[in-house]
Structure formats: C-alpha cells, structure tokens
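Structure first, commentary second.
Read-outs: derived from the displayed coordinates by stated rules, not from any lab. Keep in mind the model is a prediction, meaning the values are calculated, not measured. Every residue, glycine among them, receives a Cβ derived from its backbone with ideal geometry; neighbour counts consider all protein chains shown.
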Ligand SMILES: Cc1cc2nc3c(=O)[nH]c(=O)nc-3n(C[C@H](O)[C@H](O)[C@H](O)COP(=O)(O)OP(=O)(O)OC[C@H]3O[C@@H](n4cnc5c(N)ncnc54)[C@H](O)[C@@H]3O)c2cc1C
C-alpha cells in the first residue's frame, strides 16, 4: 500500500506526525515476567513501567524507570531512558539484555522558605511513579525540557521567583554520575548536571499558547545556564533529534536508518 508503519504503546511520546502511517497499537501486549534470581525482567511491547515496578518491588528489585508509571518500557528505553537511578546505572537502554523481535536538588529544597510540602523519604519501588505526581489519565500534556550547565543560587532564585502557573509542574532532576561518564550509548557523556522539565496541559488553544509562553519565559530567564541540548525522550513536538545527539551519532544513526529502513516504512516520532 506504500504506507509507513509506526508502533504506539500509549502515545506518551507522540509528536503528532502520523499522516499516511499505519499506527500499530501495542498497549495490550503488556505482559511482564520477573526472574528475581537472575535480576532480569521480560516485558511485552506495550508494558508500562508501573507494572514492572509492581512486579519487581516485592522481590526487593526495581527497573531503571523514569518518573511516569504509564510510559511504556519499550518506548522509553528505545529513546535511552533517563531514570531515577541514572546517576548510578546510566541510561536504561544500556541495561537491556536482549531485544526480542515481534513480540544537588537537596540543597535547593533546604533553601526554600515556606515549602508547601517536603516529602523527602524512602519510597517503595511500586510507588516510584508517585514521586512527581505527573498526570496518569490521558491528557494533552505539553512538556519542554532543557539541560542545565549548573544550578547555582541565581538559577534557583529565577526558578522560584514567580508562580509557575499555567504550568502544572517544574522539575529539576540531578544528573551526573554514570550519565556523565563515557559509555557505549549514542548520547555520549551528559556533561550537564541538571535537567529542567516544565509540564503544562494544552486543554485549549489559549492555554496551549500560555503554557508555551511560560516555558519560553522561564528558559529565557535562565540565560546561559541552558545548554540547548536535551535527552531524546524529552524532545517535544517541533524539536529535532539533533538536539539530543552529537553530530557523529546523528551521522551513524542516519547510516543505520538508510541501511535498515531505506524507504522510510518504519516511522519514529523524532526521526534522525
Ligand atoms: C508524564 C511523562 C513523564 C516522563 N518521564 C520520563 C522520564 O523520567 N525519563 C525519560 O527518559 N522519559 C520520560 N518521559 C518520556 C517518555 O519516555 C517518552 O515520551 C517515550 O517515548 C514514551 O514511550 P511510550 O511507548 O509510552 O509512548 P509512544 O508515544 O507510544 O511511543 C513513543 C515512541 O516509541 C516508539 N515505540 C513504542 N513502542 C515501540 C515498539 N514496540 N517498537 C518500536 N518502536 C516503539 C513509538 O513508535 C514512538 O516513536 C516521560 C513522558 C511522560 C508523558
């Protein structure tokens, strides 16, 4: 039929570009098997991270999950996967055993006068998805991420200077550790020690514009501390894969794409 094909687990990374594409929904392929003695899990193409954590937690194990329990393991991991445990274990993709075909924020928090809630403390593995309280019901989420070269007092003050409205969340995640070390992955060492993530809901065109405006305002106010790079799984519609990978990686990925998918039959949300 001359149509392209793309897989979609839950659509949490959808970029809106599916014209002329067969959408292969994998949501029902949500099997999860954990072998505690081997410290290995096998997941179906549509399995969400929350399900893996619920299965692994009782064995005292966890996967390299990110903040959302509803994001699919496969979609997240294919993009690298920036986990709560990234500083220790690096990218989630680096812990994949085998694909099967077909199948320093604390300092800042201490400094906030009158924090509404300080919920630091141990978290059960099954509750990792609750840390950021991101919405889990389907909704028109509109995120923007920026890697930060530092988080000094001036940067913290800028972030805390005004209410974040109309955003529903502004997160700062501590990177570094294993993520900053040379590895075999496509991203290379992430020199930036922090990730800023600004999330809003585009419930109507006016709100979408206001969310985009607030994200741009905050980014602009931070100035030179914003590096302009961002992890692949944090790209937003309108952004390019070139913001996530060094030029030599892009060239290598393009060569692989040309060899494996010369006619563009398989479509990615942010193509190289
Ligand atoms: C609330 C929220 C929090 C997030 N937090 C994090 C985080 O902490 N760390 C992080 O790294 N990312 C995070 N992300 C980003 C998320 O990892 C990406 O958006 C990811 O691409 C979502 O994967 P999905 O399969 O759920 O989404 P989908 O939109 O269904 O798929 C995303 C991409 O993966 C491809 N894909 C999915 N399944 C397959 C398959 N079986 N075979 C081939 N291609 C496939 C799709 O074709 C598409 O290109 C978050 C996203 C949201 C919405």
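What value, in deg cm²/dmol to 500, does the helix sum -39500 (n - 2.57) over DSSP H runs of n ≥ 4 give at 222 nm once divided by the residues of the chain?
That calculation yields -7000 deg cm²/dmol at 222 nm.
Taking the Cβ-Cβ separation of residue 25 and residue 203 as r and a Förster radius of 25 Å, what is the calculated FRET efficiency to the nearest 0.05? Efficiency, from the Cβ-Cβ distance: 0.55.
As an exercise, use a Förster radius of 22 Å and the Cβ-Cβ distance of residue 227 and residue 12 to find the FRET efficiency, rounded to the nearest 0.05.
Values: r = 24 Å, r/R0 = 1.11.
E(calc), rounded to 0.05, equals 0.35.
Could you work out the mean projected area of the convex hull around the alpha carbons of the chain, in square nanometres to one decimal? Write down the numbers at each step before the final one.
Values: hull surface 61.8 nm².
So the Cα hull casts an average projection of 15.4 nm².
In terms of its Cα atoms, segment 189-236 spans 38, 24, 12 Å along the principal axes, sorted from long to short. Starting from the Cα of residue 119, step 7 Å toward the Cβ, then list every residue of segment 68-95 with an amide N under 17 Å from that point. Under 17 Å, as judged by backbone N against the label point of residue 119, lie 68-70, 84 of segment 68-95. Sorting 11-20, 74-83, 89-98 by average packing, meaning the other beta carbons within 10 Å per residue, from highest down gives 74-83, 89-98, 11-20. Note on the chain: antiparallel DSSP beta bridges, both residues inside, total approximately 75 percent of the bridges counted. Quick one: in segment 26-103, what % of C-alpha pairs are over 17 Å apart? Of the Cα pairs, 39 percent sit more than 17 Å apart.
The protection proxy used here, the mean number of other Cβ atoms lying within 10 Å of each residue, ranks peptides 118-129, 186-197 as follows, highest first: 186-197, 118-129.
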